[in-house]
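Rule-based calculations on the coordinates, nothing more; no lab input. Note that the structure is predicted; figures quoted are calculated from it, not measured. All Cβ positions, glycine included, derive from the backbone under ideal geometry; neighbour counts span all protein chains shown.
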Amino acid sequence: MLKLYGFHRSSAAFRVRIALNLKGLDYEQAAVHLRRGEQRAPEFLKLNPQALVPALIDGAHVLTQSLATIEYLDETYPNRPLLPNTPAGRARVRALAQIIACEIHPLGNLRVLQYLAKELKQDEPTVQRWFNHWIALGFGAFEALIAGHPETGRFCHGDQPTLADVCLVPQVFNAKRYDLDLKPFPTLMGIFEHCMAQPAFDRAQPSKQPDAE
């Protein structure tokens, strides 16, 4: 049995839940409440010294970092692959995924927002402007890369979900939570809506997790 340590609102844990669901894998969930500091508990730090979720246990293996974890799942459980079968296709999907996971998400991570608020004494509207600035900048590039591209289909790359969609959906949830205007990104939002019509994406959303608040 796979065991996923996560937090219902963590974008990175959300990605791994989607991937597990898409592959039809059974997994146990263990909640790590980030706002209560449970990620800094000694027993969790043994799994992930970064004090971040997710951490996925597969037998003797402890996987951290969501993109690495999802690629591990793709290689270990190859049914319903999340990367295309051509080098160019894989490069495109990875680039789209990394816009989210490497460019947007780190600047809106909970610990970054808490540092802005607590250490730098920024008020909530300023923190929200920070958060939305970086999402809008990244989403603008994402939209330009998928709109009208011959490889874009019902999903970011073709008509089957890939790593790019797995990363996109949680970031849209974050954008909605902070009331970002999403009208400038029609292609992106069309793909998001199509994803959320799929049970694997819907079951992974924060409100449907055992630790949802």
task = Quick one: what are the phi-derived ³J(HN,Hα) couplings along the range 111-119, Karplus 6.51/-1.76/1.60 with θ = phi - 60°, whole Hz, x for glycine and proline?
result = 5, 5, 5, 5, 5, 4, 6, 8, 8
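Scaled to the compact-protein estimate 2.2 N^0.38 Å, what is the alpha-carbon radius of gyration of the chain, rounded to two decimal places? Display every interim value, and only then the final one.
On the way: Rg = 16.8 Å, N = 213, 2.2 N^0.38 = 16.9 Å.
Against the empirical 2.2 N^0.38 Å value, I get 0.99 for the chain.
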message = Which residue, L20, M189, P42, has the largest displacement toward the positive end of the dipole of the chain when charges sit on each Cβ (Lys, Arg +1; Asp, Glu -1)?
response = P42
key: Inter-probe distance in nm under a simple model that places probes 7 Å from Cα toward Cβ, at M1 and A197   = 3.5
key: 3J(HN,Hα) from dihedral phi, the range 103-108, Karplus parametrisation 6.51/-1.76/1.60, rounded to Hz, x for glycine, proline   = 9, 8, 4, x, 7, x
ask   = aspartates and glutamates near K118 by alpha-carbon distance under 19 Å, same-chain residues fewer than 8 away left out - which ones?
value = E38
query = Which ³J(HN,Hα) values in Hz, rounded to whole numbers, follow from the phi angles of the range 177-183 under the Karplus curve 6.51 cos²θ - 1.76 cosθ + 1.60, where θ = phi - 60° and Gly and Pro get x?
reply = 4, 9, 6, 5, 5, 9, 4
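Report, in debye and to the nearest 20, how large the dipole of the range 157-213 comes out about its Cα centre when Lys and Arg carry +1 and Asp and Glu carry -1 on their Cβ. Spell out each step's value before the answer.
Numbers: 5 positive and 8 negative charges, 6 e Å.
So the magnitude is around 20 debye.
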ask   = What length, rounded to one decimal in nm, is gained on full extension from A41 through to D181, with 0.36 nm per residue of separation minus their alpha-carbon distance?
value = 46.7 nm
ask   = Between E75 and C102, what is the label-to-label distance in nm when each label sits 7 Å out along the Cα-to-Cβ direction?
value = 1.7
request  = Mind putting a number on the dipole of the range 2-80 about its Cα centre? Charges go on the C-beta only, +1 for Lys and Arg and -1 for Asp and Glu, and I need it in Debye to the nearest 20.
outcome  = 380
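If the only charges are +1 at each Lys and Arg Cβ and -1 at each Asp and Glu Cβ, what is the size of the charge dipole of the chain around the Cα centre, to the nearest 20 debye?
Numbers: 23 positive and 22 negative charges, 55 e Å.
For this selection, approximately 260 debye.
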Largest-first principal axis extents of the Cα set of the range 130-213 (Å) = 40, 32, 18
task = Choose one of Y72, A91, F155: the residue whose Cα lies farthest towards the positive end of the charge dipole of the chain (beta-carbon charges +1 Lys, Arg; -1 Asp, Glu; about the Cα centre).
result = Y72
remark   = With R₀ set to 30 angstrom, the calculated FRET efficiency between the beta-carbons of A212 and R90, to the nearest 0.05, is 0.35
request  = Using R₀ = 30 Å, calculate the FRET efficiency as 1/(1 + (r/R₀)^6) where r is the Cβ-Cβ separation of Q160 and Q128; round to 0.05.
outcome  = 0.30
task = Can you tell me which of 204-211, 130-137, 85-92 comes out highest on packing, and rank the rest after it, using the mean Cβ neighbours within 10 Å?
result = 130-137, 204-211, 85-92
